[in-house]
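The values are calculated or read from the model by the stated rules, or taken from the named source; none is laboratory data. Just so it is clear, the structure is predicted and the values come from calculations on it, not from any experiment. Neighbour counts run over all protein chains shown; Cβ positions are idealised from the backbone, glycine included.
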Amino acid sequence: MPSKFSRLEKIVICMSIAFAVCFALPATVSAMHIMEGYLPVGYCVLWGAICVPFLIIGFIRIKKIIRENRRALILLAMSGAFIFVLSSLKIPSVTGSCSHMTGTGLSTILFGVTSTSILGIIVLIFQAILLAHGGLTTLGANCFSMAIGGPIITWLLYKGGTGLKINRSFTIFIATMLGDWFTYCITAFQLALAYPSQVGGIPASAVKFLSVYAPTQVPLSIVEGILSVLIVIGLESFASRELSAISYGEAK
């Protein structure tokens, strides 16, 4: 019997395995992004409102990408699955939140910040409903930190590195790693803004949250950087036509 699969079949099989592994992991209500009801209503509305322009632009951009390049659907699905799996691997680090990889760096490199915001909010909605990971009231805050703020840093570093002709793999590693770090800087600021310290106010509270995140988030971000590099190398080897469809090669 023939044992070879087509490229599309291999991608679909890998995605199905990734989702199966993710859903097999035990989910507890104590391990979340910023959990349901943890932020005051005003802050929930504020962060949600900030996300709206990015989401609108991202929706329009994704529609255009799919309309012009049907092959991009495969990479979009893969990027969304990557975000879902990595951001579901949670390590408790502080009351009200947790440390985990974000997975948004890869989609930022392939599609940009605004498109990543759409993939990110879809993932966050599914995680909140199906895995009790995060929350619907805190959706705006989680979306901004993981799917907008972090990706902005990733995009800036990636574009800067490629513009300066720095080694592509090294650029991807640094961009995705620091994008992950910045995500948690934003999360720490969001929590500190809502719950400032009695002594030292918001800065002291932010430092406290960051000091608790650091022991787990630093190694996790390094792992995410390595994984992102390996996946891009794999895509360049086995999905060159799909990458060409989204003009990835033009950045070389």
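Yes/no matrix, rows are residues, columns are (1) out of contact with any Leu (no Cβ under 7 Å at 6 or more places or on another chain); (2) farther than 23 Å from Ala239 by Cα; (3) without any contact (Cβ under 8 Å) to a residue 12 or more places away in the chain; (4) of a type in the set (Ser, Thr, Tyr):
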site: His100; (1), (2), (3), (4): no, yes, no, no
site: Gly103; (1), (2), (3), (4): no, no, no, no
site: Leu110; (1), (2), (3), (4): no, no, no, no
site: His133; (1), (2), (3), (4): yes, yes, no, no
site: Leu139; (1), (2), (3), (4): no, yes, no, no
site: Ile148; (1), (2), (3), (4): yes, yes, no, no
site: Ile152; (1), (2), (3), (4): yes, yes, no, no
site: Thr162; (1), (2), (3), (4): yes, no, no, yes
site: Ala175; (1), (2), (3), (4): no, no, no, no
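For the stretch 26-50, the candidate set comprises residues that are assigned to a helix (DSSP H, G or I) and of a type in the set (Phe, Trp, Tyr); within that set, the residue that is modelled with the lowest pLDDT is Tyr43. Residues in the stretch 203-217 that are surrounded by 15 or more Cβ atoms within 10 Å (Cβ to Cβ) and either of a type in the set (A, V, I, L, M, F, W, C) or touching a residue at least 60 places away in the same chain (Cβ under 8 Å) (or both): Ala206, Phe209, Leu210, Val212, Tyr213, Ala214, Thr216, Gln217. Among the residues of the stretch 51-82, those identified as part of a helix (DSSP H, G or I) and either touching a Lys or Arg at 6+ places or on another chain (Cβ under 7 Å) or farther than 16 Å from Leu110 by Cβ (or both) are Cys51, Val52, Pro53, Phe54, Leu55, Ile56, Ile57, Phe59, Ile60, Lys63, Arg67. If you scan the stretch 83-132, which residues turn out to be of a type outside the set (A, V, I, L, M, F, W, C), under 22 Å from Val52 (Cα atoms) and either assigned to a helix (DSSP H, G or I) or at pLDDT below 85 (or both)? Selection gives Ser87, Thr104, Gly105, Ser107, Thr108, Thr114, Ser115, Thr116, Ser117, Gly120, Gln127. Just one of the listed residues (Ser197, Ser244) is more than 20 Å from the chain's Cα centre (by Cα) and over 30 Å from Ala77 (Cβ atoms), namely Ser197.
Determine whether the stretch 153-160 contains at least one residue that is buried (at least 24 other Cβ atoms within 10 Å of the Cβ), closer than 22 Å to Ile60 by Cα and touching a Phe, Trp or Tyr at 6+ places or on another chain (Cβ under 9 Å). Among the residues of the stretch 153-160, at least one is buried (at least 24 other Cβ atoms within 10 Å of the Cβ), closer than 22 Å to Ile60 by Cα and touching a Phe, Trp or Tyr at 6+ places or on another chain (Cβ under 9 Å), which makes the answer yes.
Condition check ((1) buried (at least 19 other Cβ atoms within 10 Å of the Cβ); (2) more than 10 Å from the chain's Cα centre (by Cα)) across all residues:
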site	(1), (2)
Thr104	yes, no
Leu110	yes, yes
Ser117	yes, no
Ile122	no, yes
Phe126	no, yes
Ile129	no, yes
